[in-house]
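Student: The structure follows.
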Amino acid sequence: MNAPIVEMRGIDKSFGPVRALVNVNLRLMPGEVLGLVGDNSAGKSTLMKILTGAYQRDSGEIFIDGKTVHFKSPHESRDLGIEMIYQDFALCGNLDVGQNIFLGRWPKRFGLFVDRAKMHHDAREILDRLKVDVNSVYQKVESLSGGRQQSVAIARAISFDPKVVIFDEPTANLSVTATKRLLETIAELKRHNVAQIIISHRMNDIFEVGDRVMVLKRGRNVGERLIAETTEKEVLELIVSGVPETAATELVA
Ligand SMILES: Nc1ncnc2c1ncn2[C@@H]1O[C@H](COP(=O)(O)OP(=O)(O)OP(=O)(O)O)[C@@H](O)[C@H]1O
Ligand SMILES: [Mg+2]
């Protein structure tokens, strides 16, 4: 058996009086697609923001490739190959597709001038590789539909050549066709051994691309199943009436 690429152990996080996460554990293997599910406010986004360093944990440990990490910002997790596409993906609407994909690292000529030709050529290449359907890399992002804007955010994330990609509600606002395309992108990344965590309320998406599913309820682990060995019905039951694993052990003790 190979080692996990991501391991989170005993993660706690409170926002004032709100205990968003209580002793949460998570493991992710290289190339694995993990569905992260749970009701609204279960703590899914918070757990992932702690993984990227967007939020700081109160306690617990995080290991990437077996090494303990303390990311202070998403820039630091990016350096170790972790990318997250947020629920409210942040793009610059008044810049074009190519400029957004390479935001903060526009290629330069003679170290001075932005090499627009190279930037747009490379952007086109990434979009084609991902089979992302955006007509022109010169188009301003604000003129694209929500679904296509999301594709640009995904293309940007993938252009960093990550080992781990986290999607927060990627299909919530997508059409049937756009959802199908995104699920193909996820499968394509998996073929390249990229590990992925997909937060979603759409069980059929998780069942289509996932290897395993992990359920959070009110900030606690309530169960984990291999997709091949469970049903949507069983996972929905865990979401609604799952018994917190921490509480179960407390009872035993
Ligand atoms: N920045 C913050 N400040 C204060 N409270 C927060 C913050 N972020 C999250 N919370 C709280 O933490 C809890 C977990 O929120 P989180 O966004 O992680 O849930 P979620 O599982 O992603 O839900 P959803 O499915 O609605 O996106 C909620 O009670 C939320 O109000
Ligand atoms: Mg969320």
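Taken together, the values in this text are just the output of simple stated rules run on the coordinates, not laboratory data. Note that the coordinates shown come from a computational prediction; the quantities given were computed from them, not determined experimentally. Cβ sites come from the backbone with ideal geometry, for glycine too, and all protein chains shown count toward neighbours.
Student: How long is the gain from GLU208 to CYS92 if the chain were fully straight, where each residue apart is worth 0.36 nm and the alpha carbon distance is subtracted?
Tutor: On the way: separation 116, 0.36 × 116 = 41.76 nm, distance 3.19 nm.
The span from GLU208 to CYS92 would gain 38.6 nm if fully extended.
Student: What FRET efficiency, computed as 1/(1 + (r/R0)^6) with R0 = 25 Å and r the Cβ-Cβ distance, is obtained for SER41 and HIS192, rounded to the nearest 0.05?
Tutor: Numbers: r = 34 Å, r/R0 = 1.35.
About 0.15, to the nearest 0.05.
Student: Direction-averaged shadow area of the convex hull around the Cα atoms of the chain, nm²? Could the numbers behind the result be given before it?
Tutor: Details: hull surface 61.3 nm².
Across all orientations, the chain yields a mean hull projection of 15.3 nm².
Student: I've got another one for you. Exposure proxy check: LEU183, LEU127 ranked by fewest other beta carbons within 10 Å?
Tutor: LEU183, LEU127
Student: Right, another one. Tell me the mean residue ellipticity at 222 nm calculated for the chain from its helices only (DSSP H runs of n ≥ 4, each -39500 (n - 2.57), averaged over every residue, nearest 500). Intermediate values should be presented prior to the final figure.
Tutor: On the way: 9 runs with 88 residues, N = 253.
One gets -10000 deg cm²/dmol as the mean residue ellipticity at 222 nm.
Student: Follow-up. Using a Gaussian network model of the chain whose springs link C-alpha atoms within less than 10 Å, name the residue from VAL194, VAL69, VAL37 with the highest mean-square fluctuation.
Tutor: VAL69
Student: Counting only C-alpha contacts under 8 Å and six or more residues apart, can you give the relative contact order of region 85-193 as a whole percent?
Tutor: Details: 112 pairs, mean separation 38.7, N = 109.
Reported as a whole number, the value is 35 percent.
Student: Something else: In terms of Cα to Cα distance under 26 Å, which lysines are near enough to LYS72, apart from those fewer than 8 places away along the same chain?
Tutor: The reachable lysines, counting only those whose Cα sits under 26 Å from LYS72, are LYS13, LYS44, LYS49, LYS163.
Student: Hey, what D do you get for region 169-253 in µm²/s if you plug the Kirkwood alpha-carbon radius into Stokes-Einstein at 37 °C and 0.692 mPa s?
Tutor: Working: Rh = 14.2 Å.
D, rounded to a whole number, is 231 µm²/s.
Student: Now, a different point. May I ask you to sort VAL132, VAL235 by Cβ crowding, counting other Cβ atoms within 10 Å and putting the fewest first?
Tutor: Values: VAL132 19, VAL235 22.
Fewest-to-most Cβ neighbours within 10 Å comes out as VAL132, VAL235.
Student: In percent, how large is the relative contact order of the chain, given Cα pairs closer than 8 Å and 6 or more residues apart?
Tutor: Values: 475 pairs, mean separation 64.0, N = 253.
Relative contact order comes out at 25 percent.
Student: Turning to a different aspect of this structure: Between ARG116 and SER59, with labels modelled 7 Å along Cα→Cβ, what's the label distance in nm to one decimal, could you check?
Tutor: 5.6
Student: Oh, and also: Using label points projected 7 Å from each Cα along Cα→Cβ, tell me how many nm separate ALA228 and VAL240, to one decimal.
Tutor: Taking the simple label geometry, ALA228 and VAL240 are separated by 2.9 nm.
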